[in-house]
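Asks: I'd like to ask you about the structure that follows.
Read-outs: derived from the displayed coordinates by stated rules, not from any lab. This is a predicted model, so every value here is computed, not measured. Here the Cβ positions follow ideal geometry from the backbone for every residue, glycine too, while neighbour counts run over all protein chains shown.
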Amino acid sequence: MYPILRMIKELVKYRNAAPLPLTGTHVSEHRCWPSDIDLWMELNNGRTLTLFDLGRIPLARRNGLINTLRENRWGMTMAGASVRYRRRIRTFEKITMHSRAVFWDDRFVYLEQSMWKQDGDCANQALYRAAITGRDGIVSPQTVMAAMSQNEPRPDAPEWVRNWIDADATRPWPPQKD
């Protein structure tokens, strides 16, 4: 089940938080609840992706994207993801999540998110490719920036992000059926 109450809590909690620049980092704290665990009593890998929503949506609100989406009747969808899982998050453990936009190209915005344990170890990290969508398909980030009255120059893609974009472009679509 989607954690609707947790999302509402995050939006209320950060409703008066200072605005962030487009590439600013939203930092939030979360806890791994029994509803988040798998058979091994740790944060379920799929639930990790859902919990990352709890950082992305407040980030989009703080940098002004949510208002722009509403004004233009646009949506935001995830168009790809790559995740590294490195440390277990156990039931009731508290984590700190960092969420930020790192780059955008002609079609997509690339978001980096990570979960950090209380001992300072990074538990996991995700790179998302997000698309802003309108009635006629994908809305270019340049159009979105103009609607947000932003003229911030596009940041250079970190090498690891560029490598992922290039590697993903070689992946066949649609995939082959056996």
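Asks: P(r) of region 137-178 in 5 Å steps, Cα pairs, percent per bin?
Replies: Reading upward from the zero bin: 5, 16, 14, 14, 21, 14, 8, 4, 2, 1.
Asks: If you project the alpha carbons of the chain onto the principal axes, what extent comes out on each, in Å, largest first?
Replies: Cα extents, longest axis first: 50, 44, 30 Å.
Asks: Please report how far the C-alpha centroid of region 13-68 lies from that of region 77-144, rounded to the nearest whole angstrom.
Replies: Using only Cα atoms to place each centre, the spacing works out to 9 Å.
Asks: In what order do Ser35, Ser149 fall by count of nearby beta-carbon atoms within 10 Å, going from fewest to most?
Replies: Listed from fewest to most nearby Cβ atoms, that is Ser149, Ser35.
Asks: Report, in deg cm²/dmol and to the nearest 500, the calculated mean residue ellipticity at 222 nm for the chain, where each DSSP H run with n ≥ 4 adds -39500 (n - 2.57) and the sum is divided by the residue count. Write out the running numbers ahead of the final one.
Replies: Numbers: 5 runs with 54 residues, N = 178.
Computed ellipticity for the chain at 222 nm equals -9000 deg cm²/dmol.
Asks: Among the lysines, which have Cα under 27 Å from the Cα of Lys94 when same-chain residues fewer than 8 positions away are ignored?
Replies: The qualifying lysines are Lys9, Lys13, Lys117.
Asks: A further question follows. Please arrange Trp33, Trp40 by how many other C-beta atoms lie within 10 Å of their C-beta, fewest to most.
Replies: In increasing order of surrounding Cβ atoms, one gets Trp40, Trp33.
Asks: Quote the convex hull volume per residue of region 19-99, based on C-alpha atoms, as a whole number of Å³.
Replies: Once divided by residue count, the hull of region 19-99 is 111 Å³.
Asks: To the nearest 0.05, how large is the calculated FRET efficiency for Thr170 and Asp106 if R₀ is 22 Å and r is the Cβ-Cβ distance?
Replies: 0.75
Asks: Once you have the Cα-Cα distance between Arg154 and Thr77, take 0.36 nm times their residue separation minus that, and quote the gain in nm to one decimal.
Replies: 25.7 nm
Asks: How high is the relative contact order of the chain, in percent, with contacts defined as C-alpha pairs under 8 Å that are six or more residues apart?
Replies: For the chain, the relative contact order is 21 percent.
Asks: With viscosity set to 1.002 mPa s at 20 °C, what whole-number translational diffusion coefficient in µm²/s follows for region 78-157 from Stokes-Einstein and a Kirkwood radius over Cα pairs?
Replies: Diffusion coefficient, whole number: 149 µm²/s.
Asks: Can you sort Met41, Met148 by how many other beta carbons sit within 10 Å, fewest first?
Replies: Details: Met41 11, Met148 18.
Placing the least packed residue first, the sequence is Met41, Met148.
Asks: DSSP H helices in the chain with Cα extent of 24 Å or more along the helix axis and mean Kyte-Doolittle hydropathy at least -0.5?
Replies: Membrane-span-like by this rule: 45-62.
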